[in-house]
Every structure is written in structure tokens, then in C-alpha cells.
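Trainee: Just passing along the structure, written as C-alpha cells.
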Amino acid sequence: MDAFVYDIPTRVYFGPDQLGNLGKEIKSLGQRVLLCYGGGSIKKSGLYDRVLDNLQAADLEVFELSG
């Protein structure tokens, strides 16, 4: 077996209104975001608009991959 390092740092936000931290967290990693989502439930629930607004407010370039 080859030697390797498996490192998965994870930060989890719990509680109301934690989606507001999304843009700040992602911006610390880079300037471009690939937003992947499946069917229409993310849009029907309103989550899509909230995520997109948060990412755009953080001045991030968003690319979408739906389906």
C-alpha cells in the first residue's frame, strides 16, 4: 500500500441564520464556486435564491451545474 495523508477539515455551522456564513467561508478558499444541484426542489424551497444571493454578496463568481 502506498503511503498517503487523508485530511478532510470540516467546519459545521448549527443554528438559525447560519447560511449567512456561506459566502465568507467560501471566499476564504477562492473566488469561484461550482454550485451543483439536482432537480427543482432547491428552487421550490427558496434555498437556491438564498444561497446565490449570499455567494454574490461575497463577490464570488458562480458557475452552475444543474440536474
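Trainee: Any residue in region 3-24 that's touching a residue at least 24 places away in the same chain (Cβ under 8 Å) and within 17 Å of residue 51 (Cβ to Cβ): show its pairings with residues that are in a loop (DSSP other than H, G, I, E, B) and open to solvent by less than 100 Å² (accessible area, probe 1.4 Å) at Cβ separation under 8 Å, as long as the two are six or more apart or on different chains.
Mentor: 22/58; 23/58; 23/60; 24/58
Trainee: For the chain, please list each of the helices (runs of 4 or more DSSP H) lying entirely inside it that holds at least 2 residues being of a type outside the set (Lys, Arg) and in contact with a strand residue (DSSP E or B) (Cβ under 8 Å, 6 or more places away or on another chain).
Mentor: The helices (runs of 4 or more DSSP H) meeting that bar are 47-57.
Trainee: I'd like the full set of residues that are open to solvent by less than 50 Å² (accessible area, probe 1.4 Å) and on the phi > 0 side of the Ramachandran plot, limited to region 16-33.
Mentor: Once the filter is applied, which keeps residues that are open to solvent by less than 50 Å² (accessible area, probe 1.4 Å) and on the phi > 0 side of the Ramachandran plot, region 16-33 yields only 30.
Trainee: Same structure again: Tally the residues that are surrounded by 14 or more Cβ atoms within 10 Å (Cβ to Cβ), in contact with an Asp or Glu (Cβ under 9 Å, 6 or more places away or on another chain) and free of Cβ contacts under 8 Å to residues at least 24 places away in the same chain, restricting the search to region 34-51.
Mentor: Number satisfying all stated conditions: 0.
The values are calculated or read from the model by the stated rules, or taken from the named source; none is laboratory data. The structure displayed is predicted, hence computed values, not measured ones. Note: ideal-geometry Cβ built from the backbone for every residue, glycine included; neighbour counts use all protein chains shown. Note: accessible area is taken over every heavy atom of the protein model, side chains too, but ligands, DNA and RNA are not part of it. Shrake-Rupley method; radii C 1.70, N 1.55, O 1.52, S 1.80 Å.
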